[in-house]
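Student: Dropping the structure in here first, questions after.
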Amino acid sequence: CQWYGISCGDDGYITRIELRDNNLEGQFPVYARNYTDKYGDPALESEWKYTKYGLANLYELETVDLAGNKLQGTIDYRPLYNLASLTHFDVSGNQLSGEINALVTPSITHSDYSNNNFTSMRRFDKYKGSYQSLRFCDVSNNA
């Protein structure tokens, strides 16, 4: 694991993505395939884990710091829900829009969405356990 801005644990799994102020451009890097069953129907919620790729497969990920870049568009939070080790999520200072989900994972302690173009915030009901772990959440300076 010798990539700039990427840290790994002793087992080789990626634990930290720290690419603050790196002039990154484009969409936020969480992806899900449009998975359908053999009849063409959308994937069931129980099959969601088979449709993820990108950040959503980094199960040991603890930190995502993509602040101060030029990321745009919306964040699809659903692929991130299974990242139980993710405690720090910072996307401040980008050009992101749409809805904020401050409780992006059940173990989140720090989330920063400030200085973007977000227009609304999701209710705190997805992960009630996160109420006890969330210590910092900044949503200032949005649309």
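The values are calculated or read from the model by the stated rules, or taken from the named source; none is laboratory data. Not measured: the values here are computed from a predicted model. Virtual Cβ from ideal backbone geometry, glycine too; neighbours counted across all protein chains shown. The accessibility values were calculated without ligands, DNA or RNA, using every heavy atom of the protein model including side chains. Shrake-Rupley method; radii C 1.70, N 1.55, O 1.52, S 1.80 Å.
Student: Which residue is most open to solvent (accessible area, probe 1.4 Å), if the candidates are limited to the range 113-131 and must be in contact with a strand residue (DSSP E or B) (Cβ under 8 Å, 6 or more places away or on another chain) and either under 13 Å from Ile75 (Cβ atoms) or at pLDDT below 55 (or both)?
Tutor: Let us first name the residues in the range 113-131 that are in contact with a strand residue (DSSP E or B) (Cβ under 8 Å, 6 or more places away or on another chain), namely 113-114, 116-122.
From what is left, the residues that are either under 13 Å from Ile75 (Cβ atoms) or at pLDDT below 55 (or both) are 113, 116-122.
Working: Tyr113: 0, Asn116: 10, Asn117: 77, Phe118: 4, Thr119: 102, Ser120: 54, Met121: 79, Arg122: 78 Å².
The residue in question is Thr119.
Student: Find the residue count for the range 80-95, including only residues that are under 12 Å from the mean Cα position of the chain (by Cα) and outside any loop (DSSP other than H, G, I, E, B).
Tutor: Final tally of qualifying residues: 4.
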